[in-house]
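These notes concern the structure reproduced below.
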Amino acid sequence: MAGKPQIPVNAHVILADALSDDSAVADTVLWNVRDSIKMAMATVPSYSMWFDSRSSFISADPVNVFGLRYGLSWGKVSAYTGYYFTSYNQLNDGDTIQYKFSYLSSTYEYRLYKTHRFSLTAFGQLGGGLRTVNHLTNNNIANKQQFFMPIEFGAYGSVRFLRYLGVGGGLGTRIALFPGGRNFSGPIYYLGFTCFPGTLYDDVKRKASKRGIRIP
């Protein structure tokens, strides 16, 4: 890391969550991982969409990796597929080089702990994409693209301080394989606000039901 990192407050914002909010139920019963996954997969999944941005470092320079992912959640376990991209410029012997990383990635999550106020989730992510190298000030060097495969893992959590709003953060690491992954390996971190639209949906549905309005 180069100096003290500046952490953006909006690095990790959840836009949509499962419509059936089970946040009021505490996962305090002890199960082994295999049993808990089997039980979760037997339930009906819900859809979830996230803005999945994270902060990181490339060649000791701070960058933001922007992403959008969509998938299914079974409560205890979740599976997503998303698109991620980032770019940064580097000065090298008078030549400005632009590096672009774009990739598709699948994410698998396991909820370690959850109550109405606190949650902690572990994640693993595997993807594949292209690194594009553009020489902006030296036309004598041809631009090129290379394949790379990022592997990410870590954990993130949240604390709810209002009914529909909380703060979240997380830490992890990224390992980029193949020649195109050069310089892309490094730490990742999250810090930002977390929304709970599932709770809002349930509240709206309950109030609408009292007025005779049916919301699916």
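The values are calculated or read from the model by the stated rules, or taken from the named source; none is laboratory data. Not measured: the values here are computed from a predicted model. Note: ideal-geometry Cβ built from the backbone for every residue, glycine included; neighbour counts use all protein chains shown.
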Just one listed residue, out of Arg182, Arg214, Arg160, is among the charged types (D, E, K, R) and either within 19 Å of Gly71 (Cα to Cα) or in contact with a Gly (Cβ under 6 Å, 6 or more places away or on another chain) (or both), and it is Arg160
Practice prompt. State whether the residues of the stretch 95-102 include one that is closer than 14 Å to Gly127 by Cβ, surrounded by 15 or more Cβ atoms within 10 Å (Cβ to Cβ), in contact with a Phe, Trp or Tyr (Cβ under 8 Å, 6 or more places away or on another chain) and of a type outside the set (Ser, Thr, Tyr).
Written response: yes
Verdict on Ser87 being closer than 30 Å to Asn32 by Cβ, at pLDDT below 95, surrounded by 13 or more Cβ atoms within 10 Å (Cβ to Cβ) and small (Gly, Ala, Ser): no
Given the conditions (1) modelled with pLDDT of 90 or more; (2) surrounded by 13 or more Cβ atoms within 10 Å (Cβ to Cβ), every one holds for Lys205 apart from (1)
For the stretch 105-122, the count of residues that are of a type in the set (A, V, I, L, M) and at pLDDT 95 or above equals 2
Reported set for the stretch 145-173 where residues are closer than 22 Å to Phe196 by Cβ, in contact with a helix residue (DSSP H, G or I) (Cβ under 8 Å, 6 or more places away or on another chain) and not charged (D, E, K, R) is Tyr164
Residue hits (the stretch 103-115; closer than 17 Å to Pro45 by Cβ and either of a type in the set (S, T, N, Q) or loosely packed, with under 15 Cβ neighbours inside 10 Å (or both)) are Ser106, Thr107
Item to check | Residue within the stretch 57-75 that is under 19 Å from Gly166 (Cβ atoms), at pLDDT 80 or above and in contact with a strand residue (DSSP E or B) (Cβ under 9 Å, 6 or more places away or on another chain) present | outcome: yes
Picking from Tyr103, Tyr70, Tyr110, Tyr80, the residue that is touching a residue at least 60 places away in the same chain (Cβ under 8 Å) and assigned to a strand (DSSP E or B) would be Tyr110
If we keep only residues of the stretch 15-40 that are of a type in the set (A, V, I, L, M, F, W, C), farther than 20 Å from Asp203 by Cα and surrounded by 13 or more Cβ atoms within 10 Å (Cβ to Cβ), then the residue modelled with the highest pLDDT is Met39
The residue that is farthest from Gly170 (Cα to Cα), considering only those in the stretch 183-211 that are part of a loop (DSSP other than H, G, I, E, B) and of a type outside the set (Ser, Thr, Tyr), is Arg211
Out of (1) free of Cβ contacts under 8 Å to residues at least 24 places away in the same chain; (2) among the polar types (S, T, N, Q); (3) closer than 30 Å to Thr96 by Cα, the one Asn138 does not meet is (1)
For the stretch 118-143, the count of residues that are more than 28 Å from Asp203 (Cα to Cα), over 12 Å from the mean Cα position of the chain (by Cα) and crowded, with 19+ Cβ neighbours inside 10 Å equals 3
| message | Condition first: surrounded by fewer than 13 Cβ atoms within 10 Å (Cβ to Cβ) and within 25 Å of the chain's Cα centre (by Cα). Can you find one or more residues in the stretch 186-193 that meet it? | response | no
Residues of the stretch 43-63 being under 12 Å from the mean Cα position of the chain (by Cα) and of a type outside the set (Ser, Thr, Tyr), in sequence order, are Met49, Trp50, Phe51, Asp52, Arg54
Within the stretch 144-177, residues being surrounded by 13 or more Cβ atoms within 10 Å (Cβ to Cβ) and not in a strand (DSSP E or B) number 1
